[in-house]
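Student: This structure is in structure tokens; I'll ask about it shortly.
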Amino acid sequence: ITNVLVNLIQGVISLVTVIFMLFNQDFMLASLTLTVIPLIIYTSKRLGNKVKPLSMSIRQQMGFITAMINESIAGMTIIKLFQLEKHASKMFDHEQKKLVKNSVKETGMRASNSLMIGLLFLFQFVLVVALGSVKVFQGTMTPGALISFILYADMIAGPISLISGIYLDTKSTSASIDRLQTILKTDDIVQSQPAHFHTVEKGEIEFENVHFAYKPGQIVLNDISFHIAPGMTVAFVGKSGAGKSTVLKLLPRFYVPQGGDIKIDGVRIQDYHTVDLRKHIAIVPQESFLFGMSIKDNILCGKPDASDEQVIEAAKKANAHDFIMALPQGYETIAGERGANLSGGQRQRIAIARAFIKSPKILLLDEATSALDNETQAEVQQALNRLMKDRTVIVIAHRLSTVMHADIIFVMDQGKIIEQGTHSELMATSLLYRNLYQEYSAKAV
């Protein structure tokens with residue numbers, strides 16, 4: 001903005017100075033020179049009425065693309081786990097083409113305006129030279145004064161700067177989109193894919209002496225080992241920073257452990273193709289991420305080729321159908337950027353519907369109800385209970401009331417599993433678990 005104001009002030013000062021110099025040299029020729037200004041104003045105003053709505057559309061598209069970039073970066077976990085890279089790239093390509101088409105059209109209009117202005121100034125130049133030559137022959141004006149007058153009248157560089165600015169804006173937007181597509185096409189830190197095809201069939205999970213650190217020397221998981229049979233529900237509890245959420249991030253291969261093995265159905269996860277591995281895993285995080293598109297399209301992220309009937313059935317199972325139908329456009333209602341048009345409980349139920357329609361073998365729940373009030377939590381928990389049925393489920397929770405019925409509860413501290421058992425067993429034998437439960441109970445009151 002500062003640069004624009006500086007350029008504007010400089011332009012006004014230059015224009016006033018040039019007009020003063022023109023009238024100072026020859027009043028008649030200066031008057032002739034200025035007669036072209038009303039024609040330029042008329043031409044620019046007429047074309048400006050056409051350019052304005054097009055420019056508005058371009059700005060809106062640029063804003064939409066920026067929002068998509070921000071959404072995609074913030075929701076990268078959802079994009080990769082639900083295998084939406086191609087879908088996201090297709091959306092960006094479509095919007096990019098629209099932006100480029102309109103930008104080229106706007107540039108063409110501005111170029112036409114510049115051409116028209118240039119022709120008017122050329123006509124003015126011919127008249128000034130013709131009349132000035134007559135004055136020179138008559139002896140009322142010297143050749144040097146005429147040349148000086150022509151040079152002052154020729155100080156027009158605006159149109160070239162304008163076209164150059166539009167070109168740079170377009171290139172800048174294209175560069176941002178290219179960068180995002182590079183991020184989307186990058187398969188995390190997983191560089192190789194196995195030669196043999198495996199598919200997840202049961203959902204059995206095993207960690208064997210797993211070590212992991214986000215940074216060298218900062219160990220997050222230290223020699224973690226556990227086994228989860230197909231269809232079991234297990235929970236990880238512990239203080240903040242104990243390593244609970246990291247367990248969930250390793251399973252879909254968002255990160256690669258520095259030591260040990262992680263197996264699903266007896267096969268090391270690095271021996272699965274990443275796409276097939278993630279096809280069978282769904283996640284419902286604490287803050288469910290929704291894209292700025294319709295509720296229906298958000299649910300379809302779990303299964304893009306699903307029918308309308310399947311979408312509705314998933315929403316019903318997630319206790320979302322009734323509130324969706326109460327919205328003005330129903331399933332076509334736009335969720336808003338990151339789901340801003342919906343409440344926290346509504347976003348969670350859409351995320352649960354997305355997981356339902358994906359029908360995964362393994363379900364990851366990362367603090368899925370911790371951000372909700374008690375009334376909303378009960379409705380969301382009811383939907384989660386349906387979703388958890390007949391699946392292998394890993395639950396991370398601060399609200400211990402949500403994990404009391406887990407088949408096994410793993411208690412973590414400083415990157416290690418220090419105790420395990422059922423709720424009643426741990427209440428009797430684990431001081432840390434008992435303290436965590438008492439802390440939660442005190443906060444609940």
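The values are calculated or read from the model by the stated rules, or taken from the named source; none is laboratory data. Predicted model only: the values in this text are computed from it and were never measured. Counting neighbours? That spans all protein chains shown, and the Cβs are built from the backbone with ideal geometry, glycine included.
Student: Where residues in the stretch 191-219 are β-branched (Val, Ile, Thr) and modelled with pLDDT under 90, which of them is surrounded by the most Cβ atoms within 10 Å (Cβ to Cβ)?
Tutor: Initial filter on the stretch 191-219 (β-branched (Val, Ile, Thr)): 199-200, 205, 210, 219.
Those still in the list that are modelled with pLDDT under 90 too: 199-200, 219.
Numbers: THR199: 13, VAL200: 22, ILE219: 17.
That would be VAL200.
Student: Then there's this: Kindly check whether there is at least one residue in the stretch 293-302 that is in the same structural domain as PHE212 (by TED's automatic domain parsing), within 22 Å of LYS389 (Cβ to Cβ) and surrounded by fewer than 20 Cβ atoms within 10 Å (Cβ to Cβ).
Tutor: Checking the stretch 293-302: not a single residue is in the same structural domain as PHE212 (by TED's automatic domain parsing), within 22 Å of LYS389 (Cβ to Cβ) and surrounded by fewer than 20 Cβ atoms within 10 Å (Cβ to Cβ).
Student: Any residue in the stretch 115-122 that is surrounded by fewer than 16 Cβ atoms within 10 Å (Cβ to Cβ) and more than 30 Å from PHE27 (Cβ to Cβ)?
Tutor: So far as the stretch 115-122 goes, yes, one or more of its residues are surrounded by fewer than 16 Cβ atoms within 10 Å (Cβ to Cβ) and more than 30 Å from PHE27 (Cβ to Cβ).
Student: While we're here: Kindly indicate which of GLY336, GLY266, GLY344 is out of contact with any helix residue (DSSP H, G or I) (no Cβ under 6 Å at 6 or more places or on another chain), at pLDDT 85 or above and not β-branched (Val, Ile, Thr).
Tutor: Numbers: GLY336 fails: at pLDDT 85 or above; GLY344 fails: at pLDDT 85 or above.
Being out of contact with any helix residue (DSSP H, G or I) (no Cβ under 6 Å at 6 or more places or on another chain), at pLDDT 85 or above and not β-branched (Val, Ile, Thr) holds for just one of GLY336, GLY266, GLY344, which is GLY266.
Student: (1) touching a strand residue (DSSP E or B) at 6+ places or on another chain (Cβ under 9 Å); (2) farther than 23 Å from VAL210 by Cβ; (3) at pLDDT 85 or above; (4) of a type in the set (A, V, I, L, M, F, W, C): which one isn't true of ALA306, the others all being true?
Tutor: Unmet condition: (1).
Student: State the number of residues belonging to the stretch 241-259 that are of a type in the set (Gly, Ala, Ser) and not in a loop (DSSP other than H, G, I, E, B).
Tutor: Narrowing the stretch 241-259 to residues of a type in the set (Gly, Ala, Ser): 241-243, 245, 259.
Then drop every residue that is not not in a loop (DSSP other than H, G, I, E, B), which leaves 245, 259.
The qualifying residues number 2.
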